[in-house]
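Working notes, structure below.
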Amino acid sequence: MGRLVHFEIHVDDMDRAKKFYGEVFGWSFQDWSEYAGMPYFGAVTGNQDEPGIDGALMQRQSPPPQANQPLNGFACTMGVENYDATEAKIMELGGKVAMPKYALPGMAWQGYYIDTEGNIFGIHQPDKNAK
């Protein structure tokens with residue numbers, strides 16, 4: 001036990017967040033608000049036969065994180081096929097760079113971003129030639 005099975009991303013503007021994650025990563029959403037008693041949309045992040053987990057966007061219940069504070073929680077990292085194209089889409093849709101692209105030598109390209117809701121997330125492109 002103890003395996004991660006679900007994530008929640010806290011958002012201020014549900015429509016804006018659904019557009020951001022839907023267009024950047026191709027996620028689809030299911031309205032689970034009735035069950036949660038608040039705006040809450042299940043995030044389908046990929047095919048069930050592929051590795052990974054699904055999660056949700058939920059209405060933020062407190063003030064958003066302050067700029068330049070240390071991360072207090074979990075940072076979700078999404079696997080991508082094309083780092084540079086994904087970064088361009090993130091920026092186009094209102095995201096910001098938190099930590100620029102860097103190499104995990106012999107393994108992958110990694111970087112961190114701030115979404116439209118002020119949350120930090122990562123992207124990761126496997127590449128054995130990264131250096």
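The values are calculated or read from the model by the stated rules, or taken from the named source; none is laboratory data. Keep in mind the model is a prediction, meaning the values are calculated, not measured. Positions of Cβ are backbone-derived with ideal geometry, glycine not excepted, and every protein chain shown enters the neighbour counts.
Overview of values
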quantity	calculated
Pick from the stretch 12-41, criterion among the hydroxyl-bearing types (Ser, Thr, Tyr) and farther than 24 Å from Pro63 by Cβ, ranking: modelled with the lowest pLDDT	Tyr35
From Gly46, Gly22, Gly52, Gly42, residue being under 12 Å from the mean Cα position of the chain (by Cα) and of a type outside the set (Val, Ile, Thr)	Gly22
Selection from the stretch 23-53 of residues that are among the aliphatic types (A, V, I, L, M) and either part of a loop (DSSP other than H, G, I, E, B) or surrounded by fewer than 16 Cβ atoms within 10 Å (Cβ to Cβ) (or both)	Ala36, Met38, Val44, Ile53
Members of the stretch 69-116 found to be of a type in the set (A, V, I, L, M), surrounded by 14 or more Cβ atoms within 10 Å (Cβ to Cβ), touching a residue at least 40 places away in the same chain (Cβ under 8 Å) and in a loop (DSSP other than H, G, I, E, B), listed by number	Val80, Leu93
